[in-house]
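The values are calculated or read from the model by the stated rules, or taken from the named source; none is laboratory data. Since this is a predicted model, take the numbers as computed values, not measurements. Please note: Cβ atoms are built from the backbone with ideal geometry, for glycine as well, and neighbour counts cover all protein chains shown.
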Amino acid sequence: MRLKPNQMVELVVFDTQQVYQSRVEDVSENEVLVAAPSHQGVIIPMRVNSAVHIVYHEDNPKYEGRYRALATLIRRVKGNLPCLLFRIEGPWERIQNRDYVRVDVLLDGALKLINDNDDIQFQDCTIKNISGGGLLFIFDDSLNENDLIKMKVLIEDKTILVKGRIVRKINEENSVWYYGMVFVDIDEKVRQELIRFVYKRQLELHRKGLR
């Protein structure tokens, strides 16, 4: 970890995707104490056990860039300067400003080509990974790059409908086809719902030691 006291950080809250500015007050091997974020002099409430990404910018030319790590709020610290104590749950990783977090899943899906008529039924597929920008899925029938599709994704007992464009097609062994799809014309509320699911899933995988 390269964090140090007085360093500015961002706290990206999983549940709401709100981003709060803060400052590091103290650092240990796997814990970070930061000043409680505030707005117009009022402390922003944050629940214990809340999951966040802590994001910071590294200025050292050798490592320059933006980094983030999963963290959990374990204690609120009262005093002249209210603080939040976070436990780091995963490794620090370098990120691009526009990156979406992608996570491995095994979700049920169903799709149909957008230019199909309404009488054509959705066909089952299996989603292998997902992010706020797109997904990777397995489908028995052949699709082509640049095909536009509608897809239903079953997430936590809720079906989400998205539109996407096929950007890559991969043929694996046993004639299994993998397709990469990017979302198009996606409602921002739907995207945020997907991002919250991805962050929740990523935290679960880190806690199980799978990532």
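Computed quantities for the displayed model
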| read-out | value |
| --- | --- |
| Number of the condition not met by Met151 [criteria: (1) assigned to a helix (DSSP H, G or I); (2) hydrophobic (A, V, I, L, M, F, W, C); (3) closer than 17 Å to Asn115 by Cβ] | (1) |
| Boolean, Leu33 is over 23 Å from Glu188 (Cβ atoms), in the same structural domain as Glu89 (by TED's automatic domain parsing) and in contact with a helix residue (DSSP H, G or I) (Cβ under 9 Å, 6 or more places away or on another chain) | no |
| Residue selected from region 161-185 under the condition crowded, with 18+ Cβ neighbours inside 10 Å and without any contact (Cβ under 8 Å) to a residue 40 or more places away in the chain, by the criterion farthest from Asp108 (Cα to Cα) | Ile166 |
| Selection from region 1-50 of residues that are in a loop (DSSP other than H, G, I, E, B), under 12 Å from Phe86 (Cα atoms) and not β-branched (Val, Ile, Thr) | Ser28, Glu29, Asn30, Ala36, Met46, Arg47, Asn49, Ser50 |
| Which listed residue, of Leu106, Leu81, Leu135, Leu73, is part of a strand (DSSP E or B) and either in contact (Cβ under 8 Å) with a residue 40 or more places away in the chain or small (Gly, Ala, Ser) (or both) | Leu135 |
| From the options Glu31, Glu58, residue that is under 16 Å from Glu93 (Cα atoms) and surrounded by fewer than 17 Cβ atoms within 10 Å (Cβ to Cβ) | Glu58 |
